[in-house]
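S.K.: Please see the structure below; I have some questions.
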Amino acid sequence: MLIPVVGTLQECASEENYRAAIKAERIIENLVKNLNSENEQLQEHCAMAIYQCAEDEETRDLVRLHGGLKPLASLLNNTDNKKRLAAVTGAIWKCSISKENVTKFREYKAIETLVGLLTDQPEEVLVNVVGALGECCQEYENRVLVRKCGGIQPLVNLLVGINQALLVNVTKAVGACAVESESMMIIDRLDGVRLLWSLLKNPHPDVKASAAWALCPCIQNAKDAGEMVRSFVGGLELVVNLLKSDNKEVLASVCAAITNIAKDQENLAVITDHGVVPLLSKLANTNNDKLRRHLAEAISRCCMWGRNRVAFGEHKAVAPLVRYLKSNDTNVHRATAQALYQLSEDADNCITMHENSAVKLLLDMVGSPDQELQEAAAGCISNIRRLALATEKARYT
């Protein structure tokens, strides 16, 4: 009787109202209990129901509190039943979104087992395995563990697939591993960065965005990042042209990639020639805080070349940036203040900032507990004030 009951619950759990009811009715506890059943079909339905419900943080905590993580980890060792394995790996992936659960999975040796499942498995299992590793590798110890278990090569090998969900997850996992310098060396040696770059041409926006996010730690941690980026023929033009996308996540991720690319002066010169300034300026009128933050960071970094500061002013990027200071997000404030500080090195930009009431907003931020925000706001005010004093002095001489 349990099998059709849990099977029905699992099907219903794809609807949000049912997920809320499952949590409210304390059904998670019973799902966990039945994971320990001897019946494979019942185990599969329970794991699948947990997978459906564990997008919710409270549910993830309940699975842990009721002791559900250990049976999930031990079920990873039974790989013959692929349907059950897909359900179990799916439940582990969603439960891994919570850090406390990742700590438990490490304790139960699940990460090593997941690495072992990166080869010779159907795609529905691989999507979940790679998704789980992407979450686990947000922590340093697990990145090292994946590298030591030989997990980098099979992850990089999966970058050549065509399954959209798998590509989104594998780019995230490779990007997470690239934060650790030794793993980054392996990724580079296996041509992983070029494969990530080629995924920027993928027709699916989710894959493009995930690849661009993954490139950021790769560029940050590569030995000679500037030379590596230049070695991809047409790579810089491809990145700049992605600023014409209408997908906010693609735009935010590409802005983040440009921020890292532009740390190298030669590459900054190249992307300037490809028209990065007018394209970034065109995006300035956005209300999306994630995009605002990464756009402001990209503008700040791109100011470091030639007459780009002046060009941003000419392309009307300054006034919209001032409005970002009214956001509720401190990360947006910091990035914007740093961009305005760079832009304020040009006199016309200072005038635009003053006309758009930037000084009052910046004054409030000089008192921020965030030191970088303080310094950038103070530097910007200083530049605006210096121009005002010079103008007054010129008027009376």
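The values are calculated or read from the model by the stated rules, or taken from the named source; none is laboratory data. Everything numeric in this text was worked out from a predicted model, so none of it was measured. Note: ideal-geometry Cβ built from the backbone for every residue, glycine included; neighbour counts use all protein chains shown. For the accessible areas, the whole protein counts, side chains as well, though only heavy atoms, and no ligand, DNA or RNA atoms are used. Shrake-Rupley method; radii C 1.70, N 1.55, O 1.52, S 1.80 Å.
S.K.: Quick one: what pairs do we get from segment 379-391, first residue more than 16 Å from A337 (Cα to Cα), second of a type in the set (A, V, I, L, M) and open to solvent by less than 60 Å² (accessible area, probe 1.4 Å), C-beta under 6 Å, 6+ apart or different chains?
M.R.: So the pair list comes out as L387/A347.
S.K.: Between T336, T330, which is closer than 17 Å to R292 by Cβ, open to solvent by less than 30 Å² (accessible area, probe 1.4 Å), in contact (Cβ under 8 Å) with a residue 40 or more places away in the chain and of a type in the set (S, T, N, Q)?
M.R.: Working: T330 fails: open to solvent by less than 30 Å² (accessible area, probe 1.4 Å).
Answer to the check: T336.
S.K.: State all residues of segment 105-121 that are at negative phi and free of Cβ contacts under 8 Å to residues at least 12 places away in the same chain; if no residue qualifies, say none. Talk me through it step by step, then tell me what you get.
M.R.: Going residue by residue through segment 105-121, those that are at negative phi are 105-108, 110-119, 121.
Selection gives E107 alone.
S.K.: Name the residues in segment 291-331 that are among the basic types (K, R) and under 23 Å from Q374 (Cβ atoms), would you? Write out each step before concluding.
M.R.: As a first pass, look at segment 291-331 and keep what is among the basic types (K, R): 292-293, 301, 307, 309, 316, 323, 326.
Answer for segment 291-331, where residues must be among the basic types (K, R) and under 23 Å from Q374 (Cβ atoms): R292, R293, R301, R309, R323, K326.
S.K.: When segment 218-236 is examined, which residues are found to be open to solvent by 20 Å² or more (accessible area, probe 1.4 Å) and under 22 Å from V168 (Cα atoms)?
M.R.: Within segment 218-236, Q220, N221, F232 meet the criteria.
S.K.: Report every pair of residues separated by at least 6 positions or lying on different chains whose Cβ atoms are under 6 Å apart, first residue within segment 245-256 and over 10 Å from D206 (Cα atoms), second at pLDDT 95 or above and open to solvent by 30 Å² or more (accessible area, probe 1.4 Å).
M.R.: K248/N288; L251/S245; A252/K290; S253/W213
S.K.: If you scan segment 365-374, which residues turn out to be open to solvent by 50 Å² or more (accessible area, probe 1.4 Å) and either touching a helix residue (DSSP H, G or I) at 6+ places or on another chain (Cβ under 8 Å) or among the small types (G, A, S) (or both)? Break it down into steps so the answer makes sense when it comes.
M.R.: Of the residues in segment 365-374, the ones open to solvent by 50 Å² or more (accessible area, probe 1.4 Å) are 366-367, 369, 371-372, 374.
Of everything in segment 365-374, those that are open to solvent by 50 Å² or more (accessible area, probe 1.4 Å) and either touching a helix residue (DSSP H, G or I) at 6+ places or on another chain (Cβ under 8 Å) or among the small types (G, A, S) (or both) turn out to be V366, G367, E372, Q374.
S.K.: Now for a different question. Between G306, G313, which is surrounded by fewer than 16 Cβ atoms within 10 Å (Cβ to Cβ) and among the small types (G, A, S)? Outline the logic, then answer.
M.R.: Working: G313 fails: surrounded by fewer than 16 Cβ atoms within 10 Å (Cβ to Cβ).
So the residue among G306, G313 that is surrounded by fewer than 16 Cβ atoms within 10 Å (Cβ to Cβ) and among the small types (G, A, S) is G306.
S.K.: Right, something else. Can you work out which of the residues in segment 14-37 that are open to solvent by less than 80 Å² (accessible area, probe 1.4 Å) and not in a helix (DSSP H, G or I) is modelled with the lowest pLDDT?
M.R.: S14
S.K.: Considering segment 331-378 alone, what residues qualify as being β-branched (V, I, T), within 31 Å of the chain's Cα centre (by Cα) and either within 22 Å of L280 (Cβ to Cβ) or not in a helix (DSSP H, G or I) (or both)? Steps first, please.
M.R.: Applying the first criterion (β-branched (V, I, T)) to segment 331-378 yields 332, 336, 351-352, 359, 366.
With within 31 Å of the chain's Cα centre (by Cα) added as a condition, the list becomes 332, 336, 366.
Of everything in segment 331-378, those that are β-branched (V, I, T), within 31 Å of the chain's Cα centre (by Cα) and either within 22 Å of L280 (Cβ to Cβ) or not in a helix (DSSP H, G or I) (or both) turn out to be V332, T336.
S.K.: Of all residues in segment 217-259, which are in a helix (DSSP H, G or I) and hydroxyl-bearing (S, T, Y)?
M.R.: Residues of segment 217-259 that are in a helix (DSSP H, G or I), as a first pass: 217-221, 225-230, 235-244, 248-259.
If the condition is that a residue be in a helix (DSSP H, G or I) and hydroxyl-bearing (S, T, Y), then S253, T259 are the ones that fit.
S.K.: A further question follows. Would you mind stating whether A347 is open to solvent by less than 10 Å² (accessible area, probe 1.4 Å) and in contact with a helix residue (DSSP H, G or I) (Cβ under 6 Å, 6 or more places away or on another chain)?
M.R.: Numbers: open to solvent by less than 10 Å² (accessible area, probe 1.4 Å): no; in contact with a helix residue (DSSP H, G or I) (Cβ under 6 Å, 6 or more places away or on another chain): yes.
Answer is no for this residue.
S.K.: Cβ-Cβ distance below 7 Å, separation of 6 or more or different chains: which pairs start in segment 58-87 with a residue that is assigned to a helix (DSSP H, G or I) and end on one that is of a type in the set (F, W, Y) and open to solvent by 20 Å² or more (accessible area, probe 1.4 Å)?
M.R.: Listed pairs, sorted by first residue: L69/Y108; K70/Y108; A73/Y108; A87/Y51.
S.K.: Then there is this: Please find, among G67, G7, G90, the residue that is closer than 28 Å to Q138 by Cβ, over 27 Å from the mean Cα position of the chain (by Cα) and either of a type in the set (V, I, T) or open to solvent by less than 50 Å² (accessible area, probe 1.4 Å) (or both). Explain how you work it out, then say what you get.
M.R.: Working: G7 fails: closer than 28 Å to Q138 by Cβ; G90 fails: over 27 Å from the mean Cα position of the chain (by Cα).
The unique qualifying residue is G67.
S.K.: Exactly one of these conditions fails for K172: (1) touching a residue at least 40 places away in the same chain (Cβ under 8 Å); (2) not in a helix (DSSP H, G or I). Give me its number.
M.R.: Result: K172 passes all but (2).
S.K.: Name the residue, out of N247, N202, N241, that is touching a Lys or Arg at 6+ places or on another chain (Cβ under 6 Å), over 23 Å from E180 (Cβ atoms) and surrounded by fewer than 19 Cβ atoms within 10 Å (Cβ to Cβ). Reasoning before the result, please.
M.R.: Values: N247 fails: touching a Lys or Arg at 6+ places or on another chain (Cβ under 6 Å); N241 fails: touching a Lys or Arg at 6+ places or on another chain (Cβ under 6 Å).
When all the criteria are applied, what remains is N202.
S.K.: A further question on this structure: Report those helices (runs of 4 or more DSSP H) wholly inside segment 260-323 carrying at least 2 residues which are within 12 Å of L343 (Cβ to Cβ). Let's see the steps before the verdict.
M.R.: Values: elements: 265-273, 276-282, 289-302, 308-314.
Of the helices (runs of 4 or more DSSP H) lying wholly inside segment 260-323, those with at least 2 residues that are within 12 Å of L343 (Cβ to Cβ) span 276-282, 289-302, 308-314.
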